[in-house]
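The values are calculated or read from the model by the stated rules, or taken from the named source; none is laboratory data. It should be emphasised that the depicted structure is a prediction, and the values quoted were computed from it without experimental measurement. When we count neighbours, we look across all protein chains shown, and the Cβ atoms used for this are built from the backbone with ideal geometry, even at glycine. All accessible areas refer to the heavy atoms of the entire protein, side chains included, with ligands and DNA or RNA removed. Shrake-Rupley method; radii C 1.70, N 1.55, O 1.52, S 1.80 Å.
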Amino acid sequence: MTIFLLTAGSTLAQQRNTISGYVIDASNGETLIGANIYVPGIEKGTTSNTYGFYSLSLEPGSYSIEFTYLGYSGVVETIDLTEENVELSVELHMNASELEEVVVTASIEDQNVTELQMSVERLDMNTVEKLPMLLGEVEIMRSILLLPGVTTVGEGASGFNVRGGGIDQNLVLLDEAPVYNSSHLFGFYSVFNPDAVKDVQLYKGGIPARYGGRLSSILDVHMKEGNNKGFQMQGGVGFIFSRLAIEAPIVKDKASFIIAGRRSYADVLAKPFLNEDLDGSALNFWDLTLKTNWQINTNNRIFLSAYTGRDKFRFGEDAGFDWGNQTATLRWNHLFGEKVFSNFTFYYSNYDYQLSFGADAENKFDWNAGIINYSFKPEFSYYITPSSVLRFGGQVTFYDFEPGTAIGISEGETTDISLDNKYAIESGIFIEHELDLGKKLELNYGLRLSHFNYIGPGRTYTYEDDPFGPGKIPVDVQEHAKGESIQTYINLEPRLALKYQLDAESSIKASYNRMTQYIHLISNTTASTPVDVWTPSTNNIKPQIADQVAIGYFRNMSHNTYEASVEVYYKVMNDLVDYIDGADLLLNEFLEGDLLPGKGRAYGVELQGKKVKGDFTLWASYTYSISERLVEGVNADNWYPSRYDQTHNFSLTGFYQLPGRWSFSSTFILNSGTPTTFPTSRIEQQGYVIPHNALDVRNNVRIPAYHRLDIAATLDSKNKPGRRWKGRWVFSVYNLYNRRNPFSIYFSQEENRVPASIPIQTEAIRLSVIGNFIPSVSYNFIFK
């Protein structure tokens, strides 16, 4: 803070005028995130923010200012700032010579070495569209798994893991609203419609103070605003689902909208082949994404976005379950003069699932659970000088946790085993200062103060150790009134990032962040399932806290044709949630007695190399990492590998653009197997084998390594002058060499009973979610 006050004081003593405005895509009116605004005469500049806004305060004079964005033709404007401020919004035109190239870098050519932030990955949607994917469908979440430090526990597992953390430790945002289950079809597809996505950024470390609430990462997804220049329609048809997006101006250059929908149809195609017992079966997902915006004037703009989607699985008329997300976000951008940009956000988020089975109304069971959020978040950016930007703001979020409304009916008699809802309020304020200390050193330091209040109505228990078992038993109960504060937590979360520019092509970066997480995902399965339950920090469950440090070396070569980086990180986690062996996690009023607090540590090195220019481009990533847990009463009180631990993780992705219409891509993945727990002995009783973990070990074995090769060929339609319809055929093969990658391994004994004198034979069975190669064809189009 002392640095900020000194910098601000010297700045205010100087007379400065300001140029500000937006950087815009000339073809559709979308603002460009991360565009470069540079003043060669003084070797200073800035980048446009999430909303495309920029601001530069300079000493009075005349300046030549360059506006650039990768893949677009640059613009140079001569600006007179001698007497007054200037408002200038610039439209950039896409560079026709680069339309067909696959880009595997950021929005600025040398951003890898010049930007302050480290441990951040940005996905280019044009690149994602050409990756070989399952059944040829464009997929964002599976693309993230190609990045260093990002893993999954297996094929078909929901969510992702970052630097040794659990899936609940990733904050997934869609236009700033949290998405609690980001997967369709048990993890094979994400909830994000690629036709509606504008920008995707993943923060793995060095997380700025404006973000909070999770330990491991922030996945920030921004939707398109909608074409405000003219009508546009795009979509695709594939083997498993089809999609369609329509965007158009409401008032040209002032207001626009986009609406995008998807629906799978595996159940429709399978219906003629189902027998009578499976009539009424359903196996599908759908989602709908909407957004509109209105530029009231140069100082005010409003955005309204919404998402709703659902997965539905029914097995005949008698049983099934479904789950889905709903979000809505209202944002107001307001300029307080030329230097202060503000954004006010209100969002609603709802994740719920339903489980039901039963033959009729007299004999059935229904279970509903979920989590609902309401939040308000004001944020401000004060552009003091090109070398100094101050950001500050806050957030307050109300949580409504529904752990389970469960009602069973047997022979007409109703039994209610529902659990009470839980409520909490999380709030936080932050300040961060981004400062350029000359040509070599740049830093961002900040502080976040978070507060969590677990409130009534509700019932709380006090637990003591169970003398007859590993868990705890309730010894006291207390009732709390509505709005009563039951338990509060306050945490300071310092953040720091710095960069030292060695030369024009290389830099060293370092970062530190402390993160606090107040809500917890209750799950002891191999992978996340739709019926996992979220719960708040309470009088018995402390918030999770993580400290992470990282340092990296970044270098570009051959005029930014090649990019390379190496990052080393170390992360310590406290008060992680673990479980006693045999814990009862679902519809258990005394769940907190089955939970155990634990510690975690994760460390590793991430290597990444890219060739980002030319007809042939590629990226390769390798991660060596260790992720471990220590829980009192588990594994003889020794450290053990976490379920997400993968020692080696390698991926190689290549693209080749032929002259003309054809392009090719391929991806190879090789990962170490994940840990699992095998019995160390067995007991034979009356002809049955009972597995037994005599040594009380956890995650003592690794399943075999995972590897897979995918290929794809893309054929673009002929590019004729004036042609409004453009199509793209994608031919792909997933799992080309037919690898049966294990998801898990379980044990089975032979079915026939054997005489007592003969040992019972057992076998290990490897379960593979996808055990064959899968060819596919899909067609994508755009009309405008």
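In table form, for the structure just shown:
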read-out: Relative contact order computed over the range 623-717 (Cα-Cα under 8 Å; 6+ residues apart), in percent; value: 29 percent
read-out: Relative contact order, percent, the range 371-472 [alpha-carbon distance under 8 Å, six or more residues apart]; value: 22 percent
read-out: Which label in (i) 184; (ii) 224; (iii) 267 gives the computed volume of the Cα convex hull per residue in Å³; value: (i)
read-out: Square roots of five times the Cα gyration tensor eigenvalues for the range 180-263, Å; value: 28, 21, 8
read-out: Alpha-carbon spread of the range 41-199, three principal axes, descending order, Å; value: 61, 35, 27
read-out: Shape parameters for the range 394-531, alpha-carbon atoms, Rg then Dmax in Å; value: 23.4, 79
read-out: Distant alpha-carbon pairs in the range 590-742 (separation over 17 angstrom), percent; value: 76 percent
read-out: Built amide H within the under 5 Å cut-off of LEU32, gap 5+; value: VAL23, ILE24, ASP25
read-out: LYS252-LEU330 pseudo-label distance in nm [points 7 Å out on the Cα-to-Cβ vector]; value: 3.1 nm
read-out: For the range 478-484, Karplus couplings with θ = phi - 60° (6.51, -1.76, 1.60), whole Hz, Gly/Pro x; value: 9, 9, 10, 7, 4, x, 5
read-out: In order through the range 486-493: 3J(HN,Hα) via Karplus (6.51 cos²θ - 1.76 cosθ + 1.60), integer Hz, x for Gly, Pro; value: 9, 8, 10, 9, 10, 9, 8, 10
read-out: Derived scalar couplings ³J(HN,Hα) [the range 47-59; Karplus, 6.51 cos²θ - 1.76 cosθ + 1.60; whole Hz; x for Gly, Pro]; value: 10, 6, 7, 4, 9, x, 8, 9, 8, 10, 9, 10, 5
read-out: Stretch gain in nm, segment GLU632-THR680, where the contour uses 0.36 nm per residue and the Cα spacing is subtracted; value: 15.2 nm
read-out: Centre separation in Å (Cα based) which lies between the range 284-332 and the range 541-562; value: 32 Å
read-out: Mean-position separation - Cα centroids, the range 391-465 and the range 139-172, in angstrom; value: 22 Å
read-out: Relative contact order (percent, whole number), the chain, Cα cutoff 8 Å, 6+ residue spacing; value: 11 percent
read-out: Beta bridges per DSSP with both ends in the chain, % antiparallel, nearest 5; value: 95 percent
read-out: Added length on full extension, which subtracts the Cα-Cα distance from 0.36 nm per residue, LYS784 to ILE296; value: 173.1 nm
read-out: Ratio Rg/Rh [Cα only; Rh per Kirkwood] for the range 722-776; value: 1.45
read-out: Per residue solvent-accessible surface (Å²) - the range 674-784, probe of 1.4 Å; value: 61 Å²
read-out: CD proxy at 222 nm, helix term only [per DSSP H run n ≥ 4: -39500 (n - 2.57); per residue of the chain; nearest 500]; value: -1000 deg cm²/dmol
read-out: Accessible surface, per residue, of the range 372-465 when the full set of protein chains is kept, probe 1.4 Å, Å²; value: 43 Å²
read-out: Prolate/oblate/rounded label for the range 471-610 (Cα gyration tensor, a/c 1.5); value: prolate
read-out: FRET efficiency estimate (nearest 0.05) - Cβ-Cβ, ARG263 to ILE690, R0 56 angstrom; value: 0.75
read-out: Kirkwood-type radius of the range 11-55, with distances r between different C-alpha atoms, in Å; value: 11.7 Å
read-out: Principal-axis tilt of helix 2-12 within the chain, Cα atoms, nearest 10 degrees; value: 30 degrees
read-out: Probe 1.4 Å, protein heavy atoms only - accessible area per residue of the range 498-551 in square angstrom; value: 32 Å²
read-out: Placed amide H near TRP534: partners under 5 Å, 5+ positions off or other chain; value: ILE522
read-out: Surface share of carbon and sulfur [accessible, 1.4 angstrom probe, percent] for the chain; value: 57 percent
read-out: GLN478 paired with MET557, simple spin-label distance in nm, labels 7 Å along Cα-to-beta-carbon; value: 6.4 nm
read-out: Inter-centroid distance (Cα atoms) of the range 642-682 relative to the range 202-226, Å; value: 24 Å
